[in-house]
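Let me begin by presenting the structure, written as structure tokens, before commenting on it.
The values are calculated or read from the model by the stated rules, or taken from the named source; none is laboratory data. All of these numbers come straight from a predicted model, not from anything done at the bench. Using ideal geometry, Cβ is built from the backbone for each residue, glycine included, and neighbour counts are taken over all protein chains shown. All accessible areas refer to the heavy atoms of the entire protein, side chains included, with ligands and DNA or RNA removed. Shrake-Rupley method; radii C 1.70, N 1.55, O 1.52, S 1.80 Å.
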Amino acid sequence: CMSALPFYIVGNWKSNKTVAEAVLWWQEFSALWRKSPPDISHIKVILCPAFIHLQLLDSLIKLTTIPLHLGLQDVSGFPGGAYTGQVSAQMAKDMAHFTLVGHSERRKYVKETDVELGAKVNHAVAFGIEPIYCVQSEEMTIPSNCQTVAYEPVWAIGTGTPDTPQNARKVAGAIKASHSEVKTVIYGGSVTAQNVAAYVEESQIGGVLPGGASLTPLSFYQLILNAAS
Ligand code: PGA
């Protein structure tokens with residue numbers, strides 16, 4: 001990827017890990033990093049853990065110089081206040097500067113709608129959190145204030161069968177062609193340390209969104225290494 005924009009690596013832990021497991025992950029990941037730091041001058045590494053891990057990971061990361069950013073997996077579409085169970089952008093903005101919005105699993109299991117997702121984007125943007133807006137095809141609606149989009153075809157998620165870099169490039173190109181405000185399109189769906197380099201090579205693809213491959217420290221570290229080299 002020759003563009004001036006950084007290549008995004010967005011790890012999505014989904015609904016995984018106890019706090020103890022998150023700490024262990026960080027200990028192993030940071031040890032790997034310290035031993036041999038990847039050259040990520042052109043890469044932005046973002047980890048999206050569950051809300052319960054944010055504060056601890058934020059503190060642990062700040063004890064080091066490892067440039068790992070934190071993101072949310074979801075954000076409230078309501079303002080702060082009497083909205084039981086919701087985590088608002090204002091609450092999380094000091095720890096997370098990114099958020100996934102409309103991940104296919106949330107559209108499927110929580111039945112999130114375009115209207116709700118638009119509200120989530122608005123609240124995120126209002127508090128300086130960059131939305132990473134997830135769509136499953138180039139035909140889907142994208143709010144006009146989204147600069148970063150994730151193309152994640154449902155059939156490729158958690159299946160071990162990724163979309164080809166060539167097709168992901170076509171979809172990314174189509175999304176950018178029809179949405180002038182979109183600067184970065186990243187690809188999600190069975191991205192691993194073994195296949196990440198092929199996505200890096202496609203100039204239209206501005207990053208990757210690994211789920212399963214972010215869960216173990218070694219596979220996430222190797223994925224970053226292979227994207228960097
Ligand atoms: P996966 O998830 O890497 O486990 O396939 C990707 C995604 O949720 O987009």
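What number of residues within region 178-197 are outside any loop (DSSP other than H, G, I, E, B) and open to solvent by 30 Å² or more (accessible area, probe 1.4 Å)?
2
Name every residue in region 39-68 that is part of a loop (DSSP other than H, G, I, E, B) and crowded, with 18+ Cβ neighbours inside 10 Å, in order of residue number.
I40, P49
For region 91-115, how many residues meet the condition of being assigned to a helix (DSSP H, G or I) and closer than 22 Å to I186 by Cα?
Matching residues across region 91-115 total 6.
Within region 205-221, can you find the residues that are touching a strand residue (DSSP E or B) at 6+ places or on another chain (Cβ under 6 Å), assigned to a helix (DSSP H, G or I) and more than 8 Å from the ligand (Cβ to nearest atom)?
F220
Regarding S190, is this residue in contact with a Pro (Cβ under 9 Å, 6 or more places away or on another chain), modelled with pLDDT of 95 or more and more than 22 Å from I46 (Cα to Cα)?
Spelling it out, it is not the case that S190 is in contact with a Pro (Cβ under 9 Å, 6 or more places away or on another chain), modelled with pLDDT of 95 or more and more than 22 Å from I46 (Cα to Cα).
Kindly list the number of the only condition in (1) more than 9 Å from the ligand (Cβ to nearest atom); (2) open to solvent by less than 10 Å² (accessible area, probe 1.4 Å) that fails for V200.
Of the numbered conditions (1) more than 9 Å from the ligand (Cβ to nearest atom); (2) open to solvent by less than 10 Å² (accessible area, probe 1.4 Å), the odd one out for V200 is (2).
Each row is one residue, and each column tells you yes or no for (1) touching a Lys or Arg at 6+ places or on another chain (Cβ under 8 Å); (2) over 23 Å from T216 (Cα atoms); (3) among the aliphatic types (A, V, I, L, M).
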| site | (1), (2), (3) |
| --- | --- |
| L70 | no, no, yes |
| F98 | no, no, no |
| G118 | no, yes, no |
| A124 | no, yes, yes |
| I129 | yes, yes, yes |
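Quick one: which of G173, G128 is assigned to a helix (DSSP H, G or I), in contact (Cβ under 8 Å) with a residue 12 or more places away in the chain and away from the ligand (no atom under 13 Å from the Cβ)?
Testing whether each residue is assigned to a helix (DSSP H, G or I), in contact (Cβ under 8 Å) with a residue 12 or more places away in the chain and away from the ligand (no atom under 13 Å from the Cβ) leaves just G173.
Under the condition of being within 21 Å of S137 (Cβ to Cβ) and out of contact with any Gly (no Cβ under 9 Å at 6 or more places or on another chain), which residue from region 176-194 is nearest to the ligand (Cβ to nearest atom)?
Going through the qualifying residues, I end up with V182.
On the basis of being assigned to a loop (DSSP other than H, G, I, E, B), open to solvent by less than 60 Å² (accessible area, probe 1.4 Å) and not hydroxyl-bearing (S, T, Y), does G71 make the cut?
Judged against the criteria, G71 is not a match.
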